[in-house]
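Here's the structure, in structure tokens; my notes come after.
The values are calculated or read from the model by the stated rules, or taken from the named source; none is laboratory data. Because the structure is a prediction, the values reported are computed rather than measured. Cβ coordinates were reconstructed from backbone atoms using ideal geometry, including for glycine residues, and neighbour counts include every protein chain displayed.
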Amino acid sequence: MSKVDVVLGTFFGDEGKGKIIDYLSSHADVSVRCTGGNNAGHTVEANGKKYAFHLIPSGILHKDTKAVIGNGVVVDPKVLLKEIQELKESGIHTDNLYISEKAHVIFPYHIAMDRLLEENRGSGKIGTTARGIGPAYCDKFERCGIRMEDLLSPKFEELVTRNLESKNKIFAFYGKETFDTKAIVEEYQEYAKLLAPYITDTVTLVHEALERDQKVICEGAQATLLDIDFGSYPYVTSSNPTIGGICTGSGIGAKDIGEVYGVLKAYSSRVGEGPYLTEQCNAIGDQIRELGHEYGTTTKRPRRCGWLDLVALKYAVSINGITGLAINHVDTIGKLDKIQLCVGYRHQGKVSMKFTTNESYLSECEPVYEELEGNFGDISQAKSREELPEKAKKYLARIEEVVGVPIKFIGIGPGREDMIVE
């Protein structure tokens, strides 16, 4: 039986998963997006052109790869159709796109609810992207969610009517605009007509591929420290972008999982609120942001930037069972004169590798750094790890030594070809 390879983020997202997925998808028969919604984004640079993906797996760029939006994804049909259109305008066909009939649908009332909830949090805001992701997952677990298959059902209007009866009461209570059932039904029935050819039983599709010994790649959105269970709660996303979400978001069993690749950058970054021990609120942080072009693919928000945290990385390795690392932006960090690498936390006078998302604990910790030499020079032409300068090799070796996992992919530039594969 073929094994499923998985690509996950190890920190706060935006690590460059799209580039790794794009490479692996070129050798795969099926590429599955398992969790999240259009609050996430993958950017792939191919043939001098940038493609920004928000819902569609980046495997769509390979015409022989089936690109699957799995059941664990929440889908805004308007955003998805726009993404399909943009791909077509770029000469990328979407005949190889498949959408799970079990994927839940985002409606305008979810987006309005997202904004209302964040507004009511006041100073305790969590930094949501206000795209309706959380409220859509809330409906899913409250068991009043509407799935892709429901868009095609005669009961669709009945389901929307039922939901708006309760949602509109909340909006009215807060003095917000309510929603017209007929308008939403008509709008989404038009979306349904356009999306119907893509909607299918993706669980069966994936398992049939495995039975034929075909290669399957699964991609997670966001990253480990944004996981609803294992991330820095409540400053997290509303799904499980860790290994468990891969299984529940695709229908793939644990026995089928093969390699698990954890993606990171040679530094770290975060969008939104929440603890971040190695953040550099200074000239270094600003320099990293500009060198790495650290602005959100989906939101365009400037990212908080800092040094690489190996304590948090080792936590991600443990949580996900990561078998190999993919490190991007080695060229970026190599432009600094000196590089700091967090190799421990000092807590109450003792240094350890213990990581927890408990805010009280983290507030009492300070990062312990090792300083390494930067100024790697131009590494864009390196074809192997051996061709990298000694200072770059030392940096990579120290990461492997601390976390105990080999580095399999080394990003040395922004393009899909700017990568060393070990």
query = Identify, please: which residue in region 326-358 is of a type outside the set (A, V, I, L, M) and under 23 Å from the mean Cα position of the chain (by Cα) and is, among those, farthest from E422 (Cα to Cα)?
reply = N358
message = If I filter region 50-69 for residues that are of a type in the set (D, E), under 19 Å from P241 (Cβ atoms) and more than 11 Å from the chain's Cα centre (by Cα), do I get at least one hit?
response = no
query = Is it true that V32 is within 22 Å of I246 (Cα to Cα), hydrophobic (A, V, I, L, M, F, W, C) and touching a Cys at 6+ places or on another chain (Cβ under 8 Å)?
reply = yes
request  = State the number of residues belonging to region 265-305 that are within 22 Å of E370 (Cβ to Cβ), among the small types (G, A, S) and surrounded by fewer than 23 Cβ atoms within 10 Å (Cβ to Cβ).
outcome  = 2
message = Considering only residues that are more than 17 Å from W307 (Cα to Cα) and touching a Lys or Arg at 6+ places or on another chain (Cβ under 9 Å), which ones fall in region 372-397?
response = G377, R385, E386, K393
Total residues in region 398-416, condition exposed (fewer than 13 other Cβ atoms within 10 Å of the Cβ) and out of contact with any Lys or Arg (no Cβ under 8 Å at 6 or more places or on another chain) = 2
task = Kindly check whether there is at least one residue in region 70-77 that is more than 26 Å from I257 (Cβ to Cβ) and surrounded by 24 or more Cβ atoms within 10 Å (Cβ to Cβ).
result = yes
query = Which pairs have Cβ atoms under 6 Å, sit 6 or more apart or on different chains, and link a residue in region 206-234 that is without any contact (Cβ under 8 Å) to a residue 40 or more places away in the chain and closer than 15 Å to K66 by Cβ to one that is among the acidic types (D, E) and crowded, with 24+ Cβ neighbours inside 10 Å?
reply = none
query = Listed residues I420, I379; which is under 26 Å from Y51 (Cα atoms) and either assigned by TED's automatic domain parsing to the domain that holds K17 or part of a strand (DSSP E or B) (or both)?
reply = I420
query = Tally time: how many residues in region 266-285 are touching a residue at least 40 places away in the same chain (Cβ under 8 Å) and either touching a strand residue (DSSP E or B) at 6+ places or on another chain (Cβ under 9 Å) or not assigned by TED's automatic domain parsing to the domain that holds L341 (or both)?
reply = 11
ask   = Does I217 meet the test of being in the same structural domain as A28 (by TED's automatic domain parsing), assigned to a helix (DSSP H, G or I) and touching a strand residue (DSSP E or B) at 6+ places or on another chain (Cβ under 6 Å)?
value = no
query = Does region 206-222 hold any residues that are crowded, with 22+ Cβ neighbours inside 10 Å and on the phi < 0 side of the Ramachandran plot, and which are they?
reply = V206, V216, I217, C218, E219, G220, A221
ask   = Does region 320-339 hold any residues that are surrounded by 19 or more Cβ atoms within 10 Å (Cβ to Cβ) and either aromatic (F, W, Y) or assigned to a strand (DSSP E or B) (or both), and which are they?
value = L325, A326, I327, N328, I339
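Rundown of residues vs (1) under 21 Å from L313 (Cβ atoms); (2) of a type outside the set (K, R); (3) in a strand (DSSP E or B); (4) touching a His at 6+ places or on another chain (Cβ under 7 Å), yes/no style:
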| site | (1), (2), (3), (4) |
| --- | --- |
| L8 | yes, yes, yes, no |
| G13 | yes, yes, no, no |
| K19 | yes, no, no, no |
| L24 | yes, yes, no, no |
| H27 | no, yes, no, no |
| N39 | no, yes, no, no |
| T43 | no, yes, yes, no |
remark   = Going through region 29-66 in order, the residues found to be surrounded by fewer than 24 Cβ atoms within 10 Å (Cβ to Cβ), at pLDDT 90 or above and of a type in the set (G, A, S) are none
ask   = Which residue pairs have Cβ atoms closer than 8 Å, lie 6 or more positions apart in sequence or on different chains, and pair a first residue in region 336-350 that is in the same structural domain as S268 (by TED's automatic domain parsing) and at pLDDT 95 or above with a second residue that is surrounded by fewer than 10 Cβ atoms within 10 Å (Cβ to Cβ) and assigned to a strand (DSSP E or B)?
value = K338/E371; I339/E371; Q340/E371; L341/E371
key: Restricting region 64-107 to residues that are assigned to a helix (DSSP H, G or I) and charged (D, E, K, R), the residue that is farthest from L194 (Cα to Cα)   = E89
ask   = Considering only residues of region 155-174 that are of a type in the set (A, V, I, L, M) and surrounded by fewer than 17 Cβ atoms within 10 Å (Cβ to Cβ), which is farthest from the chain's Cα centre (by Cα)?
value = A172
request  = Report yes if some residue within region 151-164 is in contact (Cβ under 8 Å) with a residue 40 or more places away in the chain, in contact with a strand residue (DSSP E or B) (Cβ under 9 Å, 6 or more places away or on another chain) and farther than 22 Å from G253 by Cβ; otherwise report no.
outcome  = yes
